[in-house]
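The values are calculated or read from the model by the stated rules, or taken from the named source; none is laboratory data. On a predicted model such as this, the values are computed, not experimentally measured, just so you know. Because the Cβ atoms are built from the backbone with ideal geometry, glycine has one as well, and the counts that use them run over all protein chains shown. Accessible surface is based on the protein model in full, side chains and every heavy atom, while ligands, DNA and RNA are left aside. Shrake-Rupley method; radii C 1.70, N 1.55, O 1.52, S 1.80 Å.
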Amino acid sequence: AFLVNMARGGIVCTEDLVEALRSGQLGGAGLDVFEKEPLPADSPLLKMRNVVLTPHIAFQTEESYEELQRKAVGYAIQGARGEMPPSAVNRDARK
């Protein structure tokens, strides 16, 4: 099995992950987020051949930027109309 985490670093315990990788319990890991960011320079993950690490940029593609731009324009239009964008985290602020 392989572990891939592009969500939140804190959902994976680095110490347990390293042990699982060393013991063969996991075949590998792909990580874009880390329990501690930035990843410490002495992290054993940096030296493991069965680990792929990216610097918290896995979402950065042409398609993701186009989608972000579409959403930003759509949300701005909604705001100009006095509507609450669906992704607002402070929905109660207008009450």
- Message: Which count do you get for residues in the stretch 4-25 that are in contact with a Leu (Cβ under 6 Å, 6 or more places away or on another chain) and touching a residue at least 24 places away in the same chain (Cβ under 8 Å)?
- Response: 1
- Task: Mind listing whichever residues of the stretch 81-95 are assigned to a loop (DSSP other than H, G, I, E, B) and free of Cβ contacts under 8 Å to residues at least 12 places away in the same chain?
- Result: Arg81, Gly82, Glu83, Met84, Pro85, Pro86, Ala88, Val89, Asn90, Lys95
- Task: Could you grab me the full set of residues in the stretch 61-82 that are open to solvent by less than 40 Å² (accessible area, probe 1.4 Å) and under 15 Å from the mean Cα position of the chain (by Cα)?
- Result: Ser64
- Query: How many residues are closer than 16 Å to Ala1 by Cα and either open to solvent by 90 Å² or more (accessible area, probe 1.4 Å) or β-branched (Val, Ile, Thr) (or both) when one looks only at the stretch 16-60?
  - Reply: 8
- For the stretch 63-80, pairs from a residue that is assigned to a helix (DSSP H, G or I) to a residue that is among the small types (Gly, Ala, Ser), with Cβ under 8 Å and 6 or more apart or across chains, are Lys71/Ser87; Tyr75/Ser87
